[in-house]
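Q: Take this structure first; my questions come after.
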Amino acid sequence: MKLYTVTHQGKTLVCLEGAGGTLIPLPYETMNQLLRDDPDHRAQVLAQGASAPGELSLDQVRVLAPIPEPMQDVICLGMNYQKHKAEAEQFDAQAFTRDRGNAVYFSKRATHCPGPGDPIPGHFDIVDSLDYETELAVVLGKDAWQVAEEDAFDYVLGYTIVNDVSARNLQTGHKQWYMGKGLDGFTPMGPCIVTKDEFAQPPAQAIRTWINGELRQDAVTDELIFGIAYVIHELSQGMTLKAGTIIATGTPAGVGMGFDPPKFLNPGDLVRCEIEGIGVLENRVE
Ligand code: MG
């Protein structure tokens, strides 16, 4: 099941995609409300919605990020694909330390997430090395506290695509990655949340990025060093992961800083992020 946030005639709607690509509005004002609903009640609402007739089609609406304003910052994993870890270390061995032995977690400020077709602000007055990172993002639908690894997927509602846009000069210049990853508009998301029942757990879907039509990243989402179940288990040992939590699971090799010389983003560049089964998230840098 695909869940969308859209606008239609000036109104924001939370919808599920029914048969033939039609959209069925759900009785929620925001995706956050859906995510924080009682899981049993939400399951009823979704089942009722799925059997209702479609009212709109995707080409009649503007698709926003599925969660335009996350309730909390996005939890991110750094260097969580082996080949990307190697390219990051090659770019800056001090900033991207080798062989930590533990997962690298960081927080990404996401005040407002651009949706499909929205511009990515480059902040070129303070950024000289703008980069892209296509990532599988996990969306939780239930509060998670001290979850066993084998139960972790019970807490997952579904998956979406996040572009973990990064300013490498700010990321490496400040010891922590918060500013370099958290500027306004640095968390494009979309086009929808796909519920977990549509995938294997963990999902093993092709993940790809094109810049102006050139294929840059090409991997599979089950190549993570620290897998989704492990991450939910480990973090929830000491922090409650509230329903609505978004976890960006890391990016594969092929980011701009991985090339010699680096291929950073410039104004006008078109970034196309794709995960098989979720869709395409395309944004132009401005
Ligand atoms: Mg990342």
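Q: How much length is gained if the chain between ARG62 and GLN48 is pulled fully straight, taking 0.36 nm per residue apart and subtracting their Cα-Cα distance, in nm to one decimal?
A: Length gained between ARG62 and GLN48: 2.6 nm.
Q: Stretch ASP222-ALA95 to full length: gain in nm at 0.36 nm per residue minus the Cα-Cα span?
A: So the extension gain works out to 43.1 nm.
Q: So for each of 250-256, 176-182, 213-219 I average, over its residues, the number of other beta carbons within 10 Å; can you give me the resulting order with the highest mean first?
A: 250-256, 176-182, 213-219
Q: Straight distance only, please: which aspartates and glutamates reach the Cα of LYS175 with their own Cα at less than 17 Å, same-chain residues fewer than 8 apart left out?
A: Reachable aspartates and glutamates: GLU89, ASP92.
Q: When only alpha-carbon atoms count, how far does segment 80-176 stretch along each of its three principal axes, as whole angstroms with the largest first?
A: Computed over segment 80-176, the largest-to-smallest principal extents equal 43, 37, 22 Å.
Q: Taking only the alpha-carbon atoms of segment 156-286, what semi-axes of the equivalent ellipsoid follow from 5 times the gyration tensor eigenvalues under a square root, in whole Å, largest first?
A: Taking √(5λ) for each eigenvalue gives 25, 19, 14 Å, largest first.
Q: Can I ask one more? For segment 90-242, how big is Rg over Rh, using alpha carbon atoms and the Kirkwood form of Rh?
A: 0.96
Q: Can I ask one more? Scale the Cα Rg of segment 21-151 by the rule-of-thumb value 2.2 N^0.38 Å and send over the ratio, two decimals.
A: Normalised Cα radius of gyration, segment 21-151: 1.38.
Q: While we're looking at this one, here's another question. Just need the relative contact order of segment 7-99 here, percent rounded to a whole number, with Cα pairs under 8 Å and 6+ apart.
A: 26
Q: Treating the Cα atoms of the chain as identical point scatterers in vacuum, please give the log10 of the normalised Debye intensity I(q)/I(0) at q = 0.08, 0.11 Å⁻¹, two decimals.
A: Evaluating at q = 0.08, 0.11 Å⁻¹ gives log10 I(q)/I(0) of -0.31, -0.60.
No lab work stands behind these numbers, since they all come straight from the coordinates. The shown structure was predicted, so the numbers you read here are calculated from the model rather than taken from an experiment. Backbone-built Cβ (ideal geometry, glycine too); neighbour counts: all protein chains shown.
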